[in-house]
Amino acid sequence: MSFETQQKELRDLCAALLRDGAVESVIGFGERSDSCCVCPPIAAKREKDAGKLAWNSRCVPNLAPYLPLRGKTAIVAKPCDARAVVNLIVERQIPRESVRIIGMDCAGMTGADGNPLRACAECGERRAPVADDIIANEISSRRELEDTRGEYSAKRFKDEMKKCILCFSCRQACYGCYCQTCFADRVLPNWQPAEPGFGAKMTYHLGRAMHLAGRCVECGACENACASGVDVRYIIRGVTEFIEKEYGFRAGIDIEASPVMQSCSMDDRNVGFWGGDERE
Amino acid sequence: MSRSDSISRDDLTRLLDVLGRDMRIAGPVKEGRTVDYGISSPDGLLMDDSVSYKSPKEFYFPQAERLMAFGGGTAEEEPASEPFLIFGVRPCDLEGLRILREIFLSGGYSDPFFRRRMENNFIIGLGCVERKEGCFCDKLGIDMRFSDFCDIMLEPDGESYHVEHLSGRGRAALAAVPQTAGVSCGVGRAATAPPPALYLDENADEQRLFGVIDWEEAAFPCRGCGICTFICPTCHCFEFKDSGRDGVISRYRCWDSCMYPRFTLHASGHNPRSARHERYRQRVLHKYLYVRKNTGYTACVGCGRCVRHCPAGMNIKDVAESVMEASR
Amino acid sequence: MEDRVVWKRAPVIIAFLCNWCSYAGADLAGTSRQQYPPSVRVIRVPCSGRVNPIYIIKALADGADGVMVSGCHPGDCHYLAGNMYARRRFAVLKKLLEISGMEPDRVHFTWVSASEGTRFAEVVRDVTDKVRALGPNALADGGSRYEL
């Protein structure tokens, strides 16, 4: 099995779905226009458009932010895309019945240089946890997962922030950043100082990390979008790990779950509180 | 090409050392996984064929520039910027700076901040050896090896560089170093590139171009992140922001992006370009039509940055080509 | 960190206190003549659940030396569960600040009821000592807004 067979299966399935009217459109990846580009997302609306759908190692973008489209929509979903869609359903952003998840077994995507993307090299997910269809692929050689967690220090954070130019691409690429007006764009109150200095970058990145707490699906869209090469994901990743350990929650795995930060329990521990971590 | 016009990498470093006594030197440097323009000693500069992900426009038109400060009954304008040397600017970026100069300094108003920086800067251009992935400067009539919008132009020639001076300052700088004292003048040399193949007719009817292709489909992948406008050598839209601290208000001029929904948001709440495809259409037509109508230049230099870095794999060249073909 | 911490001014600690418990607790500390350092700047909020984590991030980015948030004990919230939502949020925020290299002792969360004036004074004394030991907040650029 390979990308080619998966691509053929995908095109056949989508052609059938569009022909039968099971869905009004399919969000998938189109052919890339240049070898350095990623595959651009497209919406196939007619049966013949299904032939334009591509599946290869450069299907990098997360497609979940392109939802919702008018009518029932099928979405070509890598495991991370599927988790994002599930979390959007959990957060009541899209109704379950409006979307058909076509889960693509995925061994990880690559960058323009052919090397695995950083997020993909750290990802062990090979199949969408929730899907309506599965386009299977025997992924035999399970890669050793890389641990790029690194140390957590003020120096590292400042070095990363130095590279940031506050273009907010990471926010735009993120499936979870669907606020109508981002706090960083607000004028009253104005959280972001006008100077693109450390204070502004810290406010943005920590604020965004808080908003993504328990919602990040580790798709790496933020760092793939970053032209400046900022490791924007490491702080959110640390939070995601903490939430999994402390509250046993991973975003986008369970379609019946309630969002972790919108829940609470008398049994929660006072982690990091004054006077210790004891339970009240 | 006479022998005296060729300098070695060591001589080039020597020249930069001499020039660095009077001004700070910026140029392409390695920043982690990316290449960016940065302040560096001559040894730290990348002199190979690597291209920075950002354009050099920030040295003339910084991302956030403090224009003035006021408060407590006083107001002061920012002092003039210090002299700068920018090394390793590619021909496409040099043409981009030429377009920015046209926009900021010609016409009814001349921007004093941009002008002071332009006067204070010394540019050393560096020709490309090969076309990078995503680049399409050839389609826009730009010679990837040469541009005269600089003080000194270098063209890589194996291990050494062919060098020419293109301004009085450039000649004086080269004369200060024995190894480069005799190089010839490149003024008047024509760039060798085919005429632009990708352009829109400047008399084209805007309303018609709105309908020649399906903009909604063309802009479908766009997330509106605006990274294309940040790294573009010719994008120049800005907004003003005031920031108060301890009773002093600082007024900043900051980059803005036509890809942001708030870019055209009126105080009334009305937004003339509320849909993403309208904003994308604006970006393409601004580059290929509106600036051309105003200044005669196509405001795209084919540097390929937006193509390489678009997180959604969009390609402005393909879109512009399809508009051009459809409008014929 | 430097060996010796130099303070040229008093530390500034922003304290977000919930209206129903901790603010009243602070009141009680005052009326019962409890001694505590004048380092806190109190901001009264309806509930600890009202404290947006961005308030805390912004305070630190703007140069506050420390931030403390205090609300009703779990189970006593005037709005039933506001403080328990806040508890998760604060646990995550504390972790986040730790990851980004912020000294953990700059930010404190605690529960103080309306009858715990003594506890309020104790918290402020201890938080001030901890912040004082860390030195002024050097994180914000442009120096502290509270420079005297």
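The values are calculated or read from the model by the stated rules, or taken from the named source; none is laboratory data. Owing to the predicted nature of the structure, the values given are computational and were not obtained by experimental measurement. Every residue, glycine among them, receives a Cβ derived from its backbone with ideal geometry; neighbour counts consider all protein chains shown.
Couple of notes before you dig in:
- Among residues of the stretch A:158-170 that are within 7 Å of another protein chain (Cβ to nearest Cβ), those with a Cβ under 7 angstrom from a residue that is of a type in the set (Val, Ile, Thr), sequence gap 6+ or separate chain, pair up as A:Lys163/A:Val230; A:Cys167/B:Ile227; A:Ser169/B:Ile227.
- Comparison of A:Ile243, A:Ile235 shows that the only residue that is in contact (Cβ under 8 Å) with a residue 60 or more places away in the chain, away from chain B (no Cβ under 14 Å) and within 20 Å of the chain's Cα centre (by Cα) is A:Ile235.
- Among the residues of the stretch A:247-268, those identified as facing chain C (nearest Cβ under 8 Å), crowded, with 17+ Cβ neighbours inside 10 Å and free of Cβ contacts under 8 Å to residues at least 40 places away in the same chain are A:Tyr247, A:Cys264, A:Asp268.
- Checking each residue in the stretch A:271-280 for being facing chain C (nearest Cβ under 10 Å) and either more than 21 Å from C:Gly101 (Cα to Cα) or of a type in the set (Phe, Trp, Tyr) (or both) picks out A:Phe273, A:Trp274, A:Gly275, A:Arg279, A:Glu280.
- Set side by side, the residues A:Phe273, A:Phe242 differ, and just one is touching a helix residue (DSSP H, G or I) at 6+ places or on another chain (Cβ under 6 Å) and either farther than 27 Å from B:Asp242 by Cα or assigned by TED's automatic domain parsing to the domain that holds A:Ala64 (or both), which is A:Phe242.
- Answer from A:Gly214, A:Gly207, A:Gly124 - the residue that is out of contact with any Gly (no Cβ under 9 Å at 6 or more places or on another chain), more than 8 Å from every other protein chain (Cβ to nearest Cβ) and of a type outside the set (D, E, K, R): A:Gly124
- Taking the conditions (1) crowded, with 17+ Cβ neighbours inside 10 Å; (2) β-branched (Val, Ile, Thr); (3) over 27 Å from B:Ala172 (Cβ atoms) in turn, B:Val89 satisfies each one other than (3).
- Every condition in (1) under 29 Å from B:Thr295 (Cα atoms); (2) surrounded by fewer than 19 Cβ atoms within 10 Å (Cβ to Cβ); (3) of a type in the set (Gly, Ala, Ser) holds for B:Gly125 except the one numbered (2).
- Residue ranges of helices (runs of 4 or more DSSP H) in the stretch C:1-109 with at least 2 members touching a Pro at 6+ places or on another chain (Cβ under 7 Å) and facing chain A (nearest Cβ under 7 Å): C:82-99
- One residue stands out among those in the stretch A:227-260 that are of a type in the set (Phe, Trp, Tyr) and assigned to a helix (DSSP H, G or I): the one that is nearest to A:Leu117 (Cα to Cα), which is A:Tyr234.
- So C:Ala114, is it buried (at least 16 other Cβ atoms within 10 Å of the Cβ), more than 12 Å from chain A (Cβ to nearest Cβ) and more than 27 Å from A:Thr240 (Cα to Cα): yes
- Exclusive hit being surrounded by fewer than 22 Cβ atoms within 10 Å (Cβ to Cβ), in contact with a strand residue (DSSP E or B) (Cβ under 9 Å, 6 or more places away or on another chain) and facing another protein chain (nearest Cβ under 7 Å), set A:Ala194, A:Ala227: A:Ala194
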